[in-house]
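Q: Once you've had a glance at the structure underneath, I'll fire off some questions.
The values are calculated or read from the model by the stated rules, or taken from the named source; none is laboratory data. All of these numbers come straight from a predicted model, not from anything done at the bench. Glycine also receives a Cβ, built like all others from the backbone with ideal geometry; neighbour counts cover every protein chain displayed. Just so you know, the surface numbers come from the protein's heavy atoms only, side chains and all, with ligands and any DNA or RNA stripped out. Shrake-Rupley method; radii C 1.70, N 1.55, O 1.52, S 1.80 Å.
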Amino acid sequence: MVARRATVRDMRRSNRAVLLSKIYLDGPLSRHELTQLTALSPASVSTLVAEFLDEGIVEEAGSVESDGGRPRVLLQVAPTFGHVIGVDVGETRVTVELFDMSMAALAKADYPIERASLAPQTTVKHILDGIAAVSAQAGVDPGDILGVGVAVSGVVDSGDDGLVHAQTLGWDGVPLRSMLRAGTDIPIHIDNGAKTLGQAEMWFGAGRGVQHAVIALVGSGVGAAVVAGGASYRGSRSSAGEWGHTTIAYGGRQCRCGAKGCLEAYVGAEGILDRFRDANSGRVAEGIDEESAIGAIIAAAESSRTAEKVLTETVGYLGAGIATLVNLFNPERIVLGGWAGLALGSRWLPEIRAAAGEHALRRPFSQTEITLCQLGPDAVALGAATLPVAKLLSDGGVRAARGDLDPVRGPRVRLITA
Ligand SMILES: [Zn+2]
């Protein structure tokens, strides 16, 4: 690619992106605050805000008193400016949700799947049916939908081909985006579910206010979203953050990725249940699914020595895994989530912190806060819906044209601070 000078148009678009991102992520804000929080001049802020108001993407949201002067008008992104759809391709169901710009959920469609039938074609059909269903439910013209974000497990290649590699699902280079494009002309964005959930926690949940964070997610699988300097850390081809497949025990338990001794094989739901069965003379925990079985073990923590032993070890492994994140990334905050992470963390967060402290270097550990996710375990579709919003923000509020070749992954919005 030939390097070119930034044109005035590029500059204007980038200023719009900075300002709109600030209003969206930290609003409502006054013009005065926007000038202070960005490197833009009062005149630029005033001109761009006038454009946004004119275009309807920003609206007034009351006013605040200022010291001695006139009241300052607050600005926010208009919830009704457009709609976005988020899709969670989970291991047991495909969930499709439609949101307005304030991320209020307006419609939802759920498609349970048998594990065996999670063929890419079936997934594509559920997603396309879901887009039609939620648009109809919410009475939104599909033409007014800004974009669809799809969160999948596994690695989403950030190259032009945009392939999904989900080793644990048997997806090896599935061209999910081009398959979806054959059925809809709404712009499609695909990313790994841990990264999208991480983006949602950074924007609306427990990650707000920090620039260096790791969102650590423990469910059936184990993954992490690493945020460095306000931007998602992705590595060369987007697979960074596969925390679950870092080795916690050399030559240890078999992981479903094929390697031995991965963290996921110890603290992922399946790993916990397998360890419980092994400790319980081959008898499995009761429950109709992984979630209820883990719930049963946790409920038995005080009455069963086996449950207590397995959970104490789980807390230890999890703490050791978190210590690795502390030592590698020196985050300001580690946010523990995922349904199993929340189930364990809401009961044993002090013990998990203590275990992390035993395995981490003292200084970075003392600089790291360890908290729980705020958006809950079912926020994957919401996280996916942040992908088209991020695209809109980074484009400075200019809607993507239909049929445009969008990047495979959502653009990263760098949080600008003064
Ligand atoms: Zn593994």
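Q: Step by step: first the residues of segment 225-264, then only those that are away from the ligand (no atom under 13 Å from the Cβ), of a type in the set (A, V, I, L, M) and open to solvent by less than 20 Å² (accessible area, probe 1.4 Å), then the one that is farthest from the chain's Cα centre (by Cα). Which residue is that?
A: Ala231
Q: Quick test for you: out of Leu328, Leu273, Leu311, Leu342, pick the one residue that is surrounded by fewer than 15 Cβ atoms within 10 Å (Cβ to Cβ) and among the hydrophobic types (A, V, I, L, M, F, W, C).
A: Leu328
Q: May I ask you to list the residues in segment 49-100 that are open to solvent by 10 Å² or more (accessible area, probe 1.4 Å) and of a type in the set (A, V, I, L, M)?
A: Ala50, Leu53, Ala61, Val64, Val73, Leu74, Val77
Q: If you check Gly147 against the conditions, is it at pLDDT 90 or above and buried (at least 18 other Cβ atoms within 10 Å of the Cβ)?
A: Judged against the criteria, Gly147 is a match.
Q: Only one residue in Glu91, Glu59 is within 12 Å of Ser30 (Cα to Cα) and acidic (Asp, Glu). Which one? Walk me through how you get there before you give the answer.
A: Details: Glu91 fails: within 12 Å of Ser30 (Cα to Cα).
Exactly one residue qualifies, and that residue is Glu59.
Q: Which condition does Gly396 not pass, out of (1) open to solvent by 40 Å² or more (accessible area, probe 1.4 Å); (2) part of a loop (DSSP other than H, G, I, E, B); (3) over 23 Å from Asp88 (Cα atoms), if it passes all the others?
A: Condition not satisfied by Gly396: (1).
Q: Return the pair list, or none, for Cβ contacts closer than 6 Å from residues in segment 248-270 that are touching a residue at least 40 places away in the same chain (Cβ under 8 Å) and in a loop (DSSP other than H, G, I, E, B) to residues that are open to solvent by less than 10 Å² (accessible area, probe 1.4 Å) and more than 9 Å from the ligand (Cβ to nearest atom), at least 6 apart or on different chains.
A: Hits for this filter: Leu263/Gly321.
Q: Kindly indicate which of Val222, Val218, Val267 is within 14 Å of the ligand (Cβ to nearest atom), closer than 15 Å to Val315 by Cα and in contact with a His (Cβ under 9 Å, 6 or more places away or on another chain).
A: Val222 is the lone residue from the list that is within 14 Å of the ligand (Cβ to nearest atom), closer than 15 Å to Val315 by Cα and in contact with a His (Cβ under 9 Å, 6 or more places away or on another chain).
Q: Has segment 108-117 got at least one residue that is open to solvent by less than 40 Å² (accessible area, probe 1.4 Å), part of a helix (DSSP H, G or I) and free of Cβ contacts under 8 Å to residues at least 40 places away in the same chain? Outline the logic, then answer.
A: First, pick out the residues of segment 108-117 that are open to solvent by less than 40 Å² (accessible area, probe 1.4 Å): 109, 113.
Adding the requirement that they be part of a helix (DSSP H, G or I) leaves none.
No, segment 108-117 contains no residue that is open to solvent by less than 40 Å² (accessible area, probe 1.4 Å), part of a helix (DSSP H, G or I) and free of Cβ contacts under 8 Å to residues at least 40 places away in the same chain.
Q: Check segment 347-356 and report whether any residue there is open to solvent by less than 40 Å² (accessible area, probe 1.4 Å), touching an Asp or Glu at 6+ places or on another chain (Cβ under 8 Å) and in the same structural domain as Gly241 (by TED's automatic domain parsing).
A: No, there is no match, as no residue in segment 347-356 is open to solvent by less than 40 Å² (accessible area, probe 1.4 Å), touching an Asp or Glu at 6+ places or on another chain (Cβ under 8 Å) and in the same structural domain as Gly241 (by TED's automatic domain parsing).
Q: Name the residue, out of Glu302, Glu313, Glu291, that is assigned to a helix (DSSP H, G or I), more than 16 Å from the ligand (Cβ to nearest atom) and at pLDDT below 95.
A: On inspection, the qualifying residue turns out to be Glu291.
Q: So which of Ala323, Ala301 is within 13 Å of Ala343 (Cβ to Cβ) and of a type in the set (A, V, I, L, M)?
A: Answer to the selection: Ala301.
Q: Regarding Gly337, is this residue over 24 Å from Leu311 (Cα atoms), of a type outside the set (Lys, Arg) and either surrounded by 24 or more Cβ atoms within 10 Å (Cβ to Cβ) or touching a Pro at 6+ places or on another chain (Cβ under 6 Å) (or both)? Step through it out loud before you land on a result.
A: Working: over 24 Å from Leu311 (Cα atoms): no; of a type outside the set (Lys, Arg): yes; either surrounded by 24 or more Cβ atoms within 10 Å (Cβ to Cβ) or touching a Pro at 6+ places or on another chain (Cβ under 6 Å) (or both): yes.
Taking the combined requirement at face value, the residue does not satisfy it.
Q: Going through Gly207, Gly183 one at a time, which residue ends up being closer than 24 Å to Val124 by Cα and more than 16 Å from the ligand (Cβ to nearest atom)?
A: Working: Gly207 fails: closer than 24 Å to Val124 by Cα.
The conditions single out Gly183.
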